[in-house]
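Asker: Okay, here's the structure, questions in a sec.
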Amino acid sequence: MDNPALPAAQHLDDQHLLDQHSGDQHSGDQVVVLPRPAGPVEQLALVTERLRELLITGEDFDAIYSHILAAPGKRVRARLVLACAGLLPDATDTAAPLRDAVDLACAMEMLHESSLVHDDICDGSLLRRDAPSVPAAFGVRTSARAGFHLAGASMQVVARVLSDNAEIFARVGEAPDITYADRLSDLSYGQLIETLPPSIDEAALRRHYELVAGAKTGTLFRLSCSYGGTAGGVDLDRLRALMEYADQLALAFQIMDDVRDIEGGPGLGKDAGGDLERRVPTWPVIEWLGSRPGAREMWLDPEISSATLQEDLVGSGATKAARLVAMDATEKATRALDVFPPSLARDDLRELLQQVISR
């Protein structure tokens with residue numbers, strides 16, 4: 001049954017969609033259509049507009065969705081979808097229309113925002129992107145309902161795109177090592193196991209961290225790459241390369257997120273040190289525990305404040321060591337893209353890796 005909170009799919013051609021985004025420019029009696037957005041970053045404006053169409057519908061959660069859209073983040077998952085959909089520019093006969101790639105990009109962003117709402121509920125976070133978190137602004141119960149609604153709405157968008165492009169997406173599920181929506185539960189699994197870290201053994205903590213990062217962060221990265229790549233006509237072998245890219249990007253992304261949580265600084269968008277306060281063994285913490293004499297005792301002592309841990313951890317060089325691991329992951333991700341021909345989309349995926357490391 002269709003969700004009445006979602007507008008009916010608009011089967012417009014791609015040029016109409018792009019014209020709506022750019023607007024017509026009039027010069028005398030001539031109409032000049034602005035050029036098609038060249039790459040994934042330029043196409044993100046289409047995602048922003050389409051998200052508003054999908055979410056602001058006059059229904060129960062409009063206020064929450066307006067709050068979310070007012071602080072959109074970097075749209076990394078949407079960018080992954082659009083870039084992966086453009087990796088084979090000549091595959092026009094085996095690729096979905098741009099409007100459907102845009103809708104898939106919207107769906108991945110909706111799933112991401114849903115996960116953030118529930119993350120903030122679980123963590124008791126008051127801030128998100130320099131603004132009140134959804135649970136802080138609207139309450140836990142209403143936010144939980146909105147998060148579930150948002151996830152369901154995203155899957156309805158995905159189902160519509162797959163139905164409209166049945167031949168292109170006929171391969172979905174053929175290869176078990178390519179992540180599609182059947183693995184979406186890995187996202188909540190990552191949230192669960194994050195709260196169940198192993199004993200303080202360096203090797204066990206590293207394995208646990210990689211498992212959590214692959215589930216919490218990697219699941220949506222893999223979904224974005226798999227749906228985007230499939231929409232762009234990418235074959236199974238090269239979809240596997242995109243899974244490797246997504247996994248390595250996720251590891252680098254999560255490590256750098258943890259480094260920023262410890263180091264703080266402008267642009268963090270939330271209170272620094274939250275993971276330290278909750279004694280979450282992030283990668284910089286694992287580096288610190290493995291190299292700093294006395295770190296284990298400090299970590300287990302409830303009387304040691306997060307501020308003291310933060311100062312000692314940064315001074316030990318653990319955040320620098322974590323950055324090196326993230327850089328190694330981005331190099332592996334870069335090599336995974338070598339199977340694709342040169343294109344603006346491939347350049348953008350590589351640029352994204354550099355932005356992750358430098359943020």
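The values are calculated or read from the model by the stated rules, or taken from the named source; none is laboratory data. Only a predicted model underlies this, so the values are computations on that prediction, with no experimental measurement involved. Methodologically, a virtual Cβ is constructed for each residue, glycine included, from the backbone with ideal geometry; neighbour enumeration extends over all protein chains shown. These area figures cover heavy atoms from the full protein model, side chains too; ligands, DNA and RNA do not enter into them. Shrake-Rupley method; radii C 1.70, N 1.55, O 1.52, S 1.80 Å.
Asker: When both residues are 6+ apart or on different chains and their Cβ atoms are under 7 Å apart, which pairs have a first residue that lies in the stretch 118-140 and is touching a residue at least 24 places away in the same chain (Cβ under 8 Å) and closer than 15 Å to residue 277 by Cα, and a second that is part of a helix (DSSP H, G or I) and of a type in the set (A, V, I, L, M)?
Answerer: Within 7 Å, the pairs are 126/136.
Asker: Of the residues 109, 174, 210, 167, which is touching a residue at least 12 places away in the same chain (Cβ under 8 Å), assigned to a loop (DSSP other than H, G, I, E, B), of a type in the set (Asp, Glu) and out of contact with any Ser or Thr (no Cβ under 6 Å at 6 or more places or on another chain)?
Answerer: That would be 174, the only listed residue that is touching a residue at least 12 places away in the same chain (Cβ under 8 Å), assigned to a loop (DSSP other than H, G, I, E, B), of a type in the set (Asp, Glu) and out of contact with any Ser or Thr (no Cβ under 6 Å at 6 or more places or on another chain).
Asker: Same structure again: With the structure loaded, tell me whether residue 153 is part of a helix (DSSP H, G or I), touching a residue at least 24 places away in the same chain (Cβ under 8 Å) and touching a strand residue (DSSP E or B) at 6+ places or on another chain (Cβ under 9 Å) or whether it fails that test.
Answerer: No; evaluated as a whole, the condition is false for this residue.
Asker: For the stretch 175-201, give me the residue count where each residue is farther than 27 Å from residue 160 by Cβ, of a type in the set (Asp, Glu) and surrounded by 14 or more Cβ atoms within 10 Å (Cβ to Cβ).
Answerer: 1
Asker: May I pose another question? Take the residues in the stretch 22-65 that are part of a loop (DSSP other than H, G, I, E, B), at pLDDT 75 or above and charged (D, E, K, R); name whichever of them is least open to solvent (accessible area, probe 1.4 Å).
Answerer: The extreme case among them is 59.
Asker: If the requirement is being open to solvent by less than 40 Å² (accessible area, probe 1.4 Å), at negative phi, hydrophobic (A, V, I, L, M, F, W, C) and in contact with a helix residue (DSSP H, G or I) (Cβ under 9 Å, 6 or more places away or on another chain), which of these qualifies: 137, 144?
Answerer: Details: 137 fails: open to solvent by less than 40 Å² (accessible area, probe 1.4 Å).
Checking each option against the conditions leaves just 144.
Asker: If we keep just the residues of the stretch 112-130 that are of a type in the set (A, V, I, L, M) and open to solvent by 10 Å² or more (accessible area, probe 1.4 Å), which is nearest to residue 77 (Cα to Cα)? Steps first, please.
Answerer: First, pick out the residues of the stretch 112-130 that are of a type in the set (A, V, I, L, M): 116-117, 121, 126-127.
Then drop every residue that is not open to solvent by 10 Å² or more (accessible area, probe 1.4 Å), which leaves 116, 121, 126-127.
Values: 116: 13, 121: 22, 126: 24, 127: 21 Å.
Residue satisfying both the conditions and the ranking: 116.
Asker: Can you name every one of the helices (runs of 4 or more DSSP H) wholly within the stretch 221-339 that holds 2 or more residues which are farther than 18 Å from residue 209 by Cβ? Reasoning before the result, please.
Answerer: Details: elements: 236-263, 274-277, 283-291, 295-300, 306-315, 318-336.
By residue number, 236-263, 295-300, 306-315, 318-336.
Asker: So in the stretch 202-240, with the set limited to residues that are closer than 17 Å to residue 176 by Cα and in contact with an Asp or Glu (Cβ under 8 Å, 6 or more places away or on another chain), which one is most open to solvent (accessible area, probe 1.4 Å)?
Answerer: Result: 240.
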